[in-house]
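Remarks on the structure that follows.
What follows is calculated from the coordinates using simple rules that are stated; it is not laboratory data. Since the structure is predicted, the reported quantities are computational estimates derived from the model, not experimental observations. For neighbour counting, all protein chains shown are included, and Cβ atoms are generated from backbone atoms with ideal geometry for every residue, glycine included.
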Amino acid sequence: MLRLHITVLAAAMLPVLFIPAAVAQATLGSISGRIADQSSAAIPGVTVTLTNLATAQTKVATTSADGYYIFSSLQPGRYASRAEFAGFKSAVTPEIVLQLGQVLTQDLQMSVGEVSTTAEVTAEAPLVQRESAALGQVITSQQVVEMPLNGRNFLSLSLLIPGAAENPGAQSQFSINGQRGNQTSLLFDGLDSRMVQNGRPAVTPSVDAIQEFRIDQNSTSAAYGSGTAVINAALRSGTNQLHVVLWEFLRNNALDARGYFDTVQPSLRRNQFGFTVGGPIRRNKTFFFANYEGGRRRQSSTQYALIPTPAELSGNFAAGQTIYDPLTLSGNQRQAFPGNVIPTNRLSQFGKAAAGLYPQPNLGSVTGFNYAGSSIAPEDADQVHIRIDHQINAKTTLFGRFSRTNSDSLGYTTPLPYSGTTAKNSGTQIVLNVNRIFTPALLNSLTMGYTYGNSVSKILLADRPISVTDFGLGNLKITGDTQGMPLLAVTGYAQMGSPINNPTGGRQDYYQLTDDVTWTRNRHNIKFGADFRQYRPSIYDQQTPNGSLSFDGRYTNQPGVARTGSAVADLVLGNPFSALVTQMVESNGICTMRWTHLAYYLQDDFKLTTRLTLNFGIRYEYDTPYRFIRNDAYVWSQSDGRFLIPGKDIARQYNPDRNNFAPRLGFAYSISPKMVIRGGAGVFYGFIRGLELQNAHANPPFLVNSTVNSGALTYTLPAGVFNPPSRDVTATTNLFSANPDFRTNYNYEWNLTVQRQLAQSISLQAAYVGSSSHKLIGRALINQARPDPASATATPIQGRRPFTGAGDISITDSIDNANYHALQVTGEKRLGAGWNFLAAYTWSKAMGIGEGNADQSAIGNQYVSRHVYYGPTAFSQPQRFTLSSNYELPFGKAKRFASNQSPLVDKVIGGWSLSLIGTFFAGEFQTPTSNVSANVGRVDKNVPSCIANPNLPADQRSLQRWFDKSAIVAQPFGTFGNCGIGVVQVPGTNNIDLAVLKNIRIGEGIRMQLRGEAFNALNHPSFGGPGLTTGSASFGAISSTRTAMRSLQIGLKMYW
């Protein structure tokens, strides 16, 4: 495998002249440079002293024989340096600004003279990156706290960099460079915060607690792995001065524009409040920083649905297409119900229970819907962060941090009863870091940490087990915290009931120990270390304790005759064609796993010349085989038709994957002081999604997940639908397993970049970025029934399965691939003359196999080649442009205009600033769904047939007809459609968020800031996706917006 990786990297580097490199980009940064005399000759032995201006702490380095010096493992902040050598004037740089993870070059030229004589050197922050092949962007503290940030989540600013895209289906909410959402490492003070089950961060610090953060999206150091991109964030530290910040942010629907499709203004009450305080415990030695933030939100929303009418629920279908009596079947023909009305004595318990739960239709003005419902979604959140920094002596420093977050929320999938979930998320993170300088050329950084995360989604509870008391379903294992109703999936109508696969989520205990050694020798900056992690997740099984009932009209149609029958009529008669349920046997619903992640790396940053930096890196990663601590998960053997028990039939649940070598190569060449060309390539191993592995527990004898299917023409399910659970595998048992030879996914990444400084504070960068991903997680449905297109005489599903002794069998495996290519352009202006901006443009294509979901690939059919489902990913945005900027108005004291006004006038006209975030992108690509059954059992994506390109020219699109509906047709019953993945392009986004800030000096060291923020300031509707299910009234129509209409936020902050 290593040989293969090196071969592929060599090929990838052909366009970048085979030159290797990739420099470390970490939470900590470094300052290095070359000291020479006036003839440019190196001066060895120069003593360089670096002082942190906020804490007065110092470090000392000595130049090498080639005149080079380096300070590693530096916190971001403001520094001053002093270089001294006998016979030369001391060179003093009064201020050097070091950003997070920055590799900063500060060359000095010393002139002959007395050491006591000082020559001041002005440090200009380099605009071009001369030391690294990595693509990355720092989001500064000013951008973090002053930008209009909807929701005040600093990770949202990650979308400002090129290559980033929204990914609503991912827990992280974004993807970088075409990768799945959970493949981005989220490092807070050097500790990974991702939760195994879904990739979301266990803790997310407050905006005001963040010093700054950096996103490295391509060719990062060998010091980093377990993902393809890295977000490094640093919590603020205390200084020698006491600083306090208080804030309150308010949102109210009285300040907001009405939603585009809303008939009334939904209510909103949102408050975010908190404080930070930091300062010295012992001056120059020990410092503290603390943060608290709380959030309270009460927001109503309007959702739309198509529901059965009261007449239909009473059995009267006189206004609809003809329905037929399933009891009159003879010779594949049925007799119509007289008057198209089902007799009262034929109304089933299912139908009566559903009629008592469906609301009355109340809408007639929105295409495809007859009901609008408003609901209030509460959310409460609190977080606390405490950090202590201490200098033990001149050579040893340490810091520790404690973080705790909690949030509770409620959300609805449809506006119908019990159609929603509650979510509870909590997290704790403890980190201790010790830095030791053994010699000026040898440093060690040790980080130890513990992360706890709990992310659980549960159903909305009913006051009784409705599935049993009202619907009469039998043999259910319903506990007090799973008491709901069955999910009613009526084809063509909105689903109602307790969502399937809930409760879901779980807790994670995760321990991490990393040690990094930095050794500087001549022109080499060598870094090596190890990363040890132990994961201990306890995750809920995917459960459907209340059952799910599906109706599609097959029992009230005329076999073989289109536009007959009704899914609602089948419901009224109580004839589901399929039903799903989870029944506990020997399980408490939770499985607990253990595994250890080990990684070792070596990185060499070699400054070959003053213009050329070469880097060589190699990383090795190994995950011990995933282990279920109660041995309560087995491996399915299709050839044996049974489960194999680890420790008895097979050695272990999963076999080890020991060949995960990841070389990293790149270069950075300075064509001139203002222009650099960089290139790099590397191999990156991915992050496992734990939910895929824990499904192996969801089998007999621990729990039983059953799908029961009725006959194709005659309803055959028993009263109560579900049989008692069996400890053995039966024909109705759905099975979940994973390939024991499951492998870690890996990614080849490369880039070629040109960066140019255009003016004193402006730079422009253009990059080609590519990647090729392999062995991504996918699911194989190995027991799908063989298709039988004879709808009138279709044979039972079970008899057409490869293994007739079980139901659906889903096997998790490393079987999918993806790729990404992009042109990424970045323009940046550093703060100067009161103005800065960051502009990012991306022209890209992200493609993958079966990329129907954000963090996993679950699309595939046993009898269709998997490559048929190769297409645009769900988060592929062909073109994207973002702009963020802050501008201080030039009025008032020390400004360009009106600088000599009275104090009163100055307070009125001075201290104003404007900031904005503009987001513009072309829409992603989505996949239509058919309302006609393939009649093969489980189908993760039932696609229809495409007879033409459905995308219309822009001037022909409308909200009622976003695409050509005639180009997408339901496939014949019992077959698979031919539509590919991502054949419909949905609307994109044009959005501008604005903020007006007013800073008022109240007294010495006291400042008040008033803020007014407008999200979607221009009130421009960015529409959501159209209905994509054939046969539904909303097919091809748009009824939602992907961003809210204009909403205003008022803020007050006090600074001491």
message: Rounding to the nearest 10 and keeping the result within 0 to 90°, find how far the Cα-based axis of helix 2-12 lies from the longest principal axis of the chain.
response: 80 degrees
- request: Using 0.36 nm per residue of separation minus the Cα-Cα distance, give me the extension gain between residue 905 and residue 246 in nm, one decimal.
  value: 234.6 nm
- request: Quick one: grab the alpha carbon gyration tensor of the stretch 50-92, order the square roots of its eigenvalues as a ≥ b ≥ c, and give me rounded if a/c is under 1.5, else prolate or oblate depending on whether a/b is larger than b/c.
  value: oblate
message: Suppose each label sits 7 Å from its Cα in the direction of the beta carbon; what would the residue 367-residue 349 distance come out to in nanometres?
response: 4.3 nm
- prompt: So, by mean Cβ neighbours within 10 angstrom, what's the order for 664-672, 44-52, 945-953 with the highest one leading?
  reply: 664-672, 44-52, 945-953
query: How about residue 424: which aspartates and glutamates have a C-alpha closer than 19 Å to its C-alpha, ignoring those fewer than 8 places off in the same chain?
result: 293, 379, 380, 382, 408, 481, 509, 541
message: Only four residue types carry charge here, +1 at the Cβ of Lys and Arg and -1 at the Cβ of Asp and Glu. Report the dipole size of the stretch 896-1055 about the Cα centre in Debye, rounded to the nearest 20.
response: 420 debye
message: Rounded to the nearest 20 debye, what is the charge dipole size of the chain about its Cα centre when +1 sits on each Lys and Arg Cβ and -1 on each Asp and Glu Cβ?
response: 920 debye
- prompt: Sorted by mean Cβ packing within 10 Å, highest first, what order do the peptides 862-873, 717-728 take?
  reply: 862-873, 717-728
Cα centroid of the stretch 354-368 to Cα centroid of the stretch 84-112, whole Å: 72 Å
field: MRE, 222 nm, helices only [DSSP H, n ≥ 4, -39500 (n - 2.57), over the chain, to nearest 500]
entry: -1000 deg cm²/dmol
field: Cα→Cβ-extended label distance, 7 Å offset, between residue 380 and residue 58, nm
entry: 5.3 nm
message: Go through the cysteines of the chain and tell me which have no other cysteine Cβ under 4.7 Å away.
response: 591
- request: Among the listed pairs 607/845; 648/941; 893/1053; 59/674; 285/893; 893/998, give every one whose C-alpha distance is greater than 25 Å.
  value: 607/845; 648/941; 59/674; 285/893
Local electrostatic count at residue 593 - Lys and Arg +1, Asp and Glu -1, tallied over other residues with Cβ under 9 Å: +3
message: Below 8 Å, C-alpha to C-alpha, sequence gap of six or more: please give me the relative contact order for the stretch 358-422 in percent.
response: 30 percent
Relative contact order %, the chain, counting alpha carbon pairs below 8 Å whose residues are six or more apart: 11 percent
query: Counting Lys and Arg as +1 and Asp and Glu as -1, what is the net charge of the other residues whose Cβ lies under 11 Å from the Cβ of residue 120?
result: +1
statement: Scoring the stretch 896-1055 by relative contact order with C-alpha pairs under 8 Å, at least six apart, yields a percentage of 26 percent
field: Unit charges at the beta carbon, dipole of the stretch 451-534: most positive-side option, 518, 457, 479
entry: 518
field: Linear extension gain, residue 1000 paired with residue 956, 0.36 nm per residue minus alpha-carbon span
entry: 10.6 nm
- request: Residues in the stretch 71-104, backbone N under 12 Å from the label point at residue 119 (7 Å along the Cα-to-beta-carbon vector): list them, ranges by number please.
  value: 83-85, 87-92
task: Report the full-extension gain for the segment residue 879 to residue 341: residue separation times 0.36 nm, less the Cα-Cα distance, to one decimal in nm.
output: 188.3 nm
field: Per-pair calculated FRET efficiency, R0 = 56 Å: residue 479 and residue 522 via Cβ, rounded to 0.05
entry: 0.25
- prompt: How many angstrom lie between the C-alpha centres of the stretch 969-986 and the stretch 241-270?
  reply: 42 Å
field: Estimated inter-spin distance, residue 432 and residue 622, nm [label 7 Å along Cα→Cβ]
entry: 2.7 nm
query: Looking only at the stretch 583-621, which residues have a backbone nitrogen under 19 Å from a spot 7 Å from the Cα of residue 645 in the C-beta direction?
result: 585-588, 592
